[in-house]
1. Looking at A:388, A:352, which one is open to solvent by less than 10 Å² (accessible area, probe 1.4 Å) and either among the hydrophobic types (A, V, I, L, M, F, W, C) or at pLDDT 90 or above (or both)?
2. Can you pull out every residue in the range B:16-34 that is open to solvent by 40 Å² or more (accessible area, probe 1.4 Å) and either among the hydrophobic types (A, V, I, L, M, F, W, C) or in contact (Cβ under 8 Å) with a residue 12 or more places away in the chain (or both)?
3. Sort out which residues of the range A:317-329 are more than 20 Å from residue B:34 (Cα to Cα) and surrounded by fewer than 19 Cβ atoms within 10 Å (Cβ to Cβ), and write them in order of number.
4. Can residue A:190 be described as over 16 Å from residue A:143 (Cα atoms) and under 24 Å from the mean Cα position of the chain (by Cα)?
5. Looking at the range A:105-158 only, could you name the residues that are surrounded by fewer than 24 Cβ atoms within 10 Å (Cβ to Cβ), outside any loop (DSSP other than H, G, I, E, B) and acidic (Asp, Glu)?
6. Restricting attention to the range A:66-81, and to residues there that are among the β-branched types (Val, Ile, Thr) and outside any helix (DSSP H, G or I), which single residue is surrounded by the most Cβ atoms within 10 Å (Cβ to Cβ)?
7. Could you tell me whether the range A:468-488 includes any residue that is under 21 Å from the mean Cα position of the chain (by Cα) and open to solvent by 40 Å² or more (accessible area, probe 1.4 Å)?
8. Could we say that residue A:319 is in a helix (DSSP H, G or I) and facing chain B (nearest Cβ under 10 Å) here?
Amino acid sequence: MTDSFNKVRSIDIISYYTGYMCFGIAILMLIPIVVSLIFAEWSALLDFIISMEVTVIAGLLLIFLGKRTHENKAVIQWKHGFTIAAFVWLLMMVLCAIPYALSGHSKSYLDACFDVMSGLTTTGIVLTQDLDHLSIGLNIWRHMLTFIGGQGIVVLALVFITKQTSGSYKLYVGEAKDIELVPSVKGTAKIIWKISMIYLAAGTVILWFVGSAIGLKPVSALLNAFYMFTSAWSTGGFAPMTQNIMYYHSLAYETVIMVIFILGSFNFGLHYAIWQGKRKELVKNIETQSFFITSFLACMLVLFGLSRTNLYPDAVSGFRRIVFNVLSAHTTTGLQNVYARQFILEWGDFGIFIMIVVMLIGGSACSTAGGFKGLRVGIVFKGIIMDIKKILTSERNVKVYKYHHIKDHPLDDGVIKASSVIIICYIVLFGIGTLLGVYYGYPLASAAFESASVTGNVGLTIGISTPDMPVAMKLYYIIAMYMGRLEFISVFALIGYTIGGIKRLCSRHLA
Amino acid sequence: MKQVVNEFTGLMVELVGTSLYIVLLFFIAMLLMR
């Protein structure tokens, strides 16, 4: 084993597994290829064939470069797991953007990369131009990326692509999914996909039915049902039309979508526990408690705040505009049924402030959602209460504090510290984004709103994210979406690995 | 079979629970937006 470690460098291991994941993405491109064939979209078909070829070549090259991994049966260590997860997401962004760029709907390759990162991280901000005339193949691709990104690229690879099981847990954790539903990580990944596929079938059928009832043609209703389900379940925010969810103009459609995105923002561990018969988890779990309390308070505050303005004259329009958008922000979905400028012109600073807070809080850990996560908010909140209780009770009274997440866990300082560190990282990322927006001349409220939206992987926009925004902001928003989705640690590992590599390279040349 | 029933019931619990929450928010919106 020691010999094999000496022979196999970390870069070989990273290269080898990343190559395999490229193959996975190439296989996925077969789906839009088949769809383009069915709908006779020859231009889109050609785009995807070219993209697939490039992806396969990249995969082969990476596997070839890392072939020593296979020859020596090298084992993945934690540092590899984190670095591979972070690197795969960046490489996927570049490769998956090829069909976007070839379609001619992106102003530049950077815009195409922005949209792919937005899709993979389930953010949902769009820079693609003339969205209403996108090919069906490319629309399927966009929504597939959102769906896959929500479950996790590595999770997908563990289920369908790799036979490798040793070290897979390290890859899985690297993608910010750290819950073990069953002892085997491959089994856990399969359960995540099983839950999503069952909901995909049920949700698409319901939306197909509602879509047909509101006047969409059967094939169009089915395609729209697929698009909107994947977007809502993955808490993504993409829609096939520029008008987003407003295109459907239906209370029923919006209500079904709301149910789907709330369920999508729940922890896969929670779904599994409920499906295993632990029904009380829905109300006992710290994450659902945190979500229901914060989302309820946010809805109440915005409803109360806007009811004074008479902006929405009746309960139905108030419910549709306010509750939908607040829940969409809180679950980090980003589907919006008001125009971007309406937030700033009609909702005012009070509404925007509440939206920023809920966007940053986000959904549940190990779900498709972004943000700090309800689990961390709940832990920190309980930690504060624990400290207050400790101060107020006798020093001789030694009590073990707990929180409930699937099972009871001890609430110790280590857990509170870990949660606080991630929350601080999110706030720093959000702060820098806001500062950048203000630097480029956007109003503070707008810059903060958009920054919270990208940091929390939400996708609501106040009008800043357009193809004409400064390149530096596009780059920063890509980084914010990426870091927000991977929850920092993997990205820090990749940065550390890259800096270490550069240092070694420099010292070798200087010696 | 028992597993399938459990999973189906779990799915229904989640769908009904979430729908009830949305209905609750709708009623509160009705009260506040009168």
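1. None of the other options fit; the residue is A:352.
2. Of the residues in the range B:16-34, the ones open to solvent by 40 Å² or more (accessible area, probe 1.4 Å) are B:16, B:19-20, B:23-24, B:26-27, B:30-32, B:34.
Passing the criteria: B:16, B:20, B:23, B:24, B:26, B:27, B:30, B:31, B:32.
3. none
4. The answer is yes for residue A:190.
5. If the condition is that a residue be surrounded by fewer than 24 Cβ atoms within 10 Å (Cβ to Cβ), outside any loop (DSSP other than H, G, I, E, B) and acidic (Asp, Glu), then A:111, A:132 are the ones that fit.
6. The selected residue is A:76.
7. Yes - at least one qualifying residue is present in the range A:468-488.
8. yes
The values are calculated or read from the model by the stated rules, or taken from the named source; none is laboratory data. Because the structure is predicted, anything quoted here is derived from the model rather than measured. Backbone-built Cβ (ideal geometry, glycine too); neighbour counts: all protein chains shown. We work out accessible area using only protein heavy atoms, side chains counted, and drop any ligands, DNA or RNA first. Shrake-Rupley method; radii C 1.70, N 1.55, O 1.52, S 1.80 Å.
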